[in-house]
Amino acid sequence: MKLEKYTAAVIGLGRIGFTLGFDRRREQPASHTMTLLQNKRISLVAGCDTDAGRCEAWRAEVPKAAVYSNTAHLFAACKPDIVVIAVNEDSHLETALTVIKSRPRLVILEKPVALTMADGLKIAEAVAEYGVPVLVNHERRFSADYMLAHEYMKRIGSIQRITAELHSGLRVYSPEDEKTGAYSLIHDGTHLVDIVHYLLEDEKLQFPVITGIYLDPDDRNVVRNVCAHYHTAACADISLSFSGRSTFFGFEVDILGTKGRIRIGNGLAEFYKVAESTLYSGFYSLAKDTSVKVPKKTGYFANMLQNGIDYLDGKHPLRSTLLNGLDDLEVLEDIKKQITTFYLR
């Protein structure tokens, strides 16, 4: 039986849309363009960007596809089955509404789903009106190491504590960055919140309380660190920590259960189980579970696209939906609301 081939277009030919596919230190494919090109079920027919230089570079790499400077020209010329939206956060709403109205069979939307919850709800309204499914690229949901952690959650008993940390040099929040989304609370924090949701089977985080905040001493409207505490029915102790004054980029989640532990993050995947203690007679300790084989390749981008193809084939549901993205955005907006209400001048 010959499988159907799907046409695709990429809107936004910047880093995640295109150029990260040339980063030799990243696991490849690491961009939407390269992922689409490597999948035999996909015919990449168009790219779109307002930057002429990006369009020229993309055309050189994908000579068989057409390149457009705006979405109106793209959709006047072709009707792709799959449309990838990889534009900056401040362009998500306008671009998403245009794409959804063209009624593709699937939209792949970069995270965060929108700059604000209000914008996200407008996208959701358009999705409901036009009946267009949306797959959000929360890449860790499709990464083999995180999927392994998701399965291992069943083996660590009741969840006692979750600590999730994000470290970078990008400021956590400032009012002047709200128009662009160029602050880590939303830009990378989306991933942090989403992976906690994913590991907890998408149970919503509830009752946010800021437990610590650090403001830039040179500008009291710039947040450099913030910690927030949550709980769910499954776990009474969930801590989210965002740092914007680190000289390194770090991402880590630590889950402690009654029968085991998981530590997962950038370059980190450790799994622990209860074992007879080597330190004390009659006691048990946590020991690394050497039976767990951590994959060398995570396939995070390729698996995301394959999930979209499987959905179009009628085989599997989408693993990262618009609703998931809105739940993440709601958590981040709760934190931002507390920051702006109680801490900024």
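The values are calculated or read from the model by the stated rules, or taken from the named source; none is laboratory data. Since the model is a prediction, treat every value here as computed from it, not as a measurement. Note: ideal-geometry Cβ built from the backbone for every residue, glycine included; neighbour counts use all protein chains shown. Areas reflect the complete protein model, heavy atoms only, side chains present, ligands, DNA and RNA absent. Shrake-Rupley method; radii C 1.70, N 1.55, O 1.52, S 1.80 Å.
Of the labelled figures [x] 163; [y] 130; [z] 146, only one reflects volume of the Cα convex hull per residue in Å³ as derived from the coordinates, namely [x]. Cβ under 14 Å from LEU44's Cβ, LEU44 left aside: what net charge do those residues give with Lys, Arg +1 and Asp, Glu -1? The answer is +3. Net charge in the neighbourhood of SER243 (other residues with Cβ under 14 Å of its Cβ; Lys, Arg +1, Asp, Glu -1) is -1. The alpha-carbon atoms of the stretch 158-297 define a convex hull whose volume equals 155 cubic angstrom per residue.
Can you give the local net charge around VAL99? Use residues other than it whose beta-carbon is closer than 15 angstrom to its beta-carbon, Lys and Arg +1, Asp and Glu -1. Charge balance in the 15 Å sphere: -2. Could you tell me which of ILE210, SER174, PHE249 has its Cα farthest along the dipole of the chain towards the positive end, charges placed at Cβ (Lys, Arg +1; Asp, Glu -1), taken about the Cα centre? Working it through, the farthest residue towards the positive pole turns out to be PHE249. Averaging the sequence gap over all C-alpha pairs within less than 8 Å and six or more residues apart, then dividing by the number of residues, gives the chain a relative contact order of 17 percent.
Largest first, the residues LEU256, LEU109 sort by 1.4 Å accessible area into LEU256, LEU109.
Note that the stretch 1-135 presents 48 Å² accessible area per residue, ligands and nucleic acids not counted, probe 1.4 Å.
Taking the charge dipole of the stretch 1-117 about its Cα centre, with +1 at Lys and Arg Cβ atoms and -1 at Asp and Glu Cβ atoms, the residue from TRP58, LEU97, SER69 reaching farthest to the positive side is TRP58.
Expressed as a whole percent, the proportion of Cα-Cα pairs in the stretch 72-218 lying more than 19 Å apart is 62%.
Karplus-derived 3J(HN,Hα) values for the stretch 169-184, using 6.51 cos²θ - 1.76 cosθ + 1.60 with θ = phi - 60°, are x, 7, 4, 5, 6, 7, x, 5, 8, 4, 5, 9, x, 8, 9, 5 Hz; glycine and proline are entered as x. Protein heavy-atom surface of the stretch 1-107, 1.4 angstrom probe: 48% of the accessible area is carbon and sulfur, with nucleic acids and ligands not counted. Put a plus charge on the Cβ of each Lys and Arg, a minus charge on the Cβ of each Asp and Glu, and nothing anywhere else: the dipole of the stretch 225-345 about its Cα centre is then about 360 debye.
The angle between the Cα long axis of helix 189-199 and the longest principal axis of the Cα atoms of the chain comes to about 70 degrees, rounded to the nearest 10. Here the Karplus relation 6.51 cos²θ - 1.76 cosθ + 1.60, evaluated at θ = phi - 60°, turns the backbone of the stretch 264-278 into coupling constants of 9, x, 5, x, 9, 7, 10, 10, 10, 9, 6, 9, 4, 5, 8 Hz, with x for every Gly and Pro. In a reduced charge model with +1 at each Lys and Arg Cβ and -1 at each Asp and Glu Cβ, the chain shows a dipole moment near 1100 debye about its Cα centre.
Selection among THR278, LEU121, ALA236 by position relative to the dipole of the chain gives THR278 as farthest towards the positive end (Cβ unit charges, Cα centre). Backbone geometry of the stretch 90-97 corresponds, through the Karplus equation with coefficients 6.51, -1.76 and 1.60 at θ = phi - 60°, to 3J(HN,Hα) couplings of 6, 10, 4, 4, 4, 5, 4, 5 Hz, x marking Gly and Pro.
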